[in-house]
Each structure stands twice: as C-alpha cells, then as structure tokens.
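The values are calculated or read from the model by the stated rules, or taken from the named source; none is laboratory data. What you see is a predicted model; the values in this text were computed from it and never measured. All Cβ positions, glycine included, derive from the backbone under ideal geometry; neighbour counts span all protein chains shown.
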Amino acid sequence: MARDLRDFSAYAAEPWARHFKKILSEASLASLAEDGPVDQDYLEAIKLIERLHRQFLEVVKIELDRMGIADINNVQSLILWNIGKEDLTVGDLTHRGYYLGSNVSYNVKKMVEAGYLTQERSSHDRRSVRLKVSPKGLALCDRIAAMFKRHGELLAGRNLTADRMATANATLRDLERLWTEALHYPIVHGRGKAA
C-alpha cells in the first residue's frame with residue numbers, strides 16, 4: 001500500500017495534471033463541450049484532478065503547519081518524500097516526469113539550505129550532483145508517511161476499498177498514457193495519432 005501512496009503523492013507534487021492544465025484551461029473545456037460531443041465525465045475528471053491536486057497540497061500544508069514546520073513547503077516536502085532513501089540527481093527527478101526542471105532546481109536549493117537534503121558531486125562525473133535526504137529530511141519523511149497511514153485508515157470508513165482505489169488508479173494511469181501520447185503524437189479530430 002505504501003507504494004500506491006508514494007505514486008499518488010508524486011502526481012500531487014508536480015503532476016502531469018498541472019502540465020495538462022496549461023493545454024486546457026477552464027474556458028477551453030467549456031468550448032470543447034459546446035463544439036461537439038465530448039464525454040462530460042472526461043471533462044469532469046479533468047476538473048476533479050486539478051481540484052484534488054490543490055486540495056491534497058493544502059492537506060500537506062496544514063499537516064506541516066500542525067507540526068510547526070515552516071522551513072519547507074508542501075511541494076518541497078513531497079519531493080523530499082519521493083526521494084526517500086534513494087540517491088538521485090536533479091535530472092533523475094525531472095526524468096521521472098513528476099516535476100518541472102526549473103522548479104526542481106529551485107526547490108532542491110531551498111531544501112539543501114534548510115538542511116533537508118545533502119548534495120555531493122559524483123566522483124565519476126563532476127558535473128553531476130547526487131542528492132540524498134538528510135537525517136532531518138528522513139525525520140520529516142517519517143512524519144509524512146504517518147500522515148499517509150492515517151489517511152489509509154480513513155479510507156475504510158469512507159467505503160474506499162482497495163478494489164475501488166485500484167480502479168481509480170488504473171483510470172488515472174490510462175489518462176496519463178493518453179495525455180503523454182497527446183504530447184508526443186497530437187490527436188487530430190478524434191482520428192488517433194497525427195501523421
């Protein structure tokens with residue numbers, strides 16, 4: 001279950017949904033609905049993804065406030081949690097597709113300054129900097145994991161069973177694939193991939 005939560009938090013921190021928002025604004029969603037037969041459930045899903053993203057970041061912010069942590073923000077804490085015990089480069093984070101490159105560099109700098117991350121130049125390639133979560137950062141990761149555990153315990157009370165979550169995750173992965181393909185092979189008038 002921890003892996004599924006980690007996958008979700010990665011989307012929440014700097015999700016593909018944020019990139020898609022740049023492509024389709026609220027106004028363009030409305031014009032899509034007026035222009036022809038667009039599945040209203042699809043349009044609702046796009047709006048819901050954006051709203052859930054904002055709400056989840058607010059939940060993390062409130063949790064940080066509750067813990068009295070003011071030297072890291074919600075997005076940075078989720079980047080930190082996604083690094084976890086791995087040894088990564090900034091490029092690794094951006095290549096995973098979860099974060100925008102310029103935002104990662106800025107956020108890494110801030111987390112290093114606050115003592116949540118350490119940086120070390122690679123002995124093999126001096127241009128490459130390896131990132132590791134510091135003991136202070138690991139302590140925060142443990143607290144974020146505890147928050148996710150509490151959320152997991154609340155799922156049963158909301159009838160959000162493992163099967164329903166698996167179905168939701170499968171649907172989100174399908175949308176992610178669709179949008180990834182649309183970035184690389186623009187879909188033209190519903191006829192699939194452009195020539």
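Provide a single number: the residues in the stretch 80-93 that are under 21 Å from Val60 (Cβ atoms) and not in a strand (DSSP E or B).
So the count comes out to 8.
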Query raised in the report: Of all residues in the stretch 87-104, which are farther than 14 Å from Gly137 by Cα, modelled with pLDDT of 80 or more and exposed (fewer than 13 other Cβ atoms within 10 Å of the Cβ)?
Result: Gly91
Requested in this report: Pick out the one residue from Asn107, Asn159 that is polar (S, T, N, Q) and either touching a helix residue (DSSP H, G or I) at 6+ places or on another chain (Cβ under 9 Å) or at pLDDT 95 or above (or both).
Outcome: Asn107
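Take the conditions assigned to a helix (DSSP H, G or I) and of a type outside the set (Phe, Trp, Tyr) and apply them to Ile62. Does it pass? Break it down stepwise before answering.
Values: assigned to a helix (DSSP H, G or I): yes; of a type outside the set (Phe, Trp, Tyr): yes.
The answer is yes for Ile62.
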